[in-house]
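Working notes, structure below.
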Amino acid sequence: MAEIVGRAKARCDVLVVSFHGGTELAADPNEIQKAVARAAIDAGADLFLGHHPHVLQPVEIYKGKPILYSLGNFLFVSPTPATRPEIVLRARLAKDGVRGLDLIPLDGNWGRPKPASPETAAAARAALNRLGALDAFPELIRFGAALEAPASGKLP
């Protein structure tokens, strides 16, 4: 993987690695998820996005680069209440890397996402902040940002 990520990074300004893996319904990433995410960052990735556990898992900042271990259950029907909190990620990128992340909380609502209630948003924030990254890096990570485009019609 390090060779593939390194070659990809040599061909672009900003590299986002997406990984499908992890233990379903686990609140925390397993050792394989952590090893893969950190190896991708070590090899040149600027942002790592994980998905598969069907629940939100914490955000980590590793060597100054964001790792989102699991974005939740987006557009997937599940009877498990823990799968309802999910996020949409809006990454603000520039030639030199990731400038910021907007984590927009949603309620999975049986495969039809809707804006999160205050309770669901609080559960989402708590899950994402289990390692303290949201509190430690408020200049990088914004939680709860709206999806509306600014007056210019373009997203930041």
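Computed values, structure above
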read-out	value
Residue satisfying condition, being more than 19 Å from residue 46 (Cβ to Cβ), at pLDDT below 95, in contact with a helix residue (DSSP H, G or I) (Cβ under 8 Å, 6 or more places away or on another chain) and not aromatic (Phe, Trp, Tyr), within set 153, 108	108
Selection count where residues are part of a loop (DSSP other than H, G, I, E, B) and touching a residue at least 24 places away in the same chain (Cβ under 8 Å), scope region 64-81	10
The listed residue being under 21 Å from residue 134 (Cβ atoms), part of a loop (DSSP other than H, G, I, E, B), aliphatic (A, V, I, L, M) and without any contact (Cβ under 8 Å) to a residue 40 or more places away in the chain, out of 37, 26, 45	26
Residue in region 83-98 that is on the phi > 0 side of the Ramachandran plot and modelled with pLDDT under 95 present	no
Cβ pairs under 8 Å, 6+ apart, first in region 116-129 and free of Cβ contacts under 8 Å to residues at least 12 places away in the same chain, second of a type outside the set (A, V, I, L, M) and surrounded by 19 or more Cβ atoms within 10 Å (Cβ to Cβ)	117/107
Pick from region 2-56, criterion loosely packed, with under 12 Cβ neighbours inside 10 Å and of a type in the set (D, E, K, R), ranking: nearest to residue 88 (Cα to Cα)	13
Considering residues of region 105-119 that are in a loop (DSSP other than H, G, I, E, B) and closer than 10 Å to residue 74 by Cα only, the residue farthest from the chain's Cα centre (by Cα)	112
Check on residue 109, exposed (fewer than 15 other Cβ atoms within 10 Å of the Cβ) and among the polar types (S, T, N, Q)	yes
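The values are calculated or read from the model by the stated rules, or taken from the named source; none is laboratory data. In this text the structure is predicted, and so the values were computed from the model without any measurement. Reconstructed Cβ throughout: ideal geometry from the backbone, glycine too, with neighbour counts over all protein chains shown.
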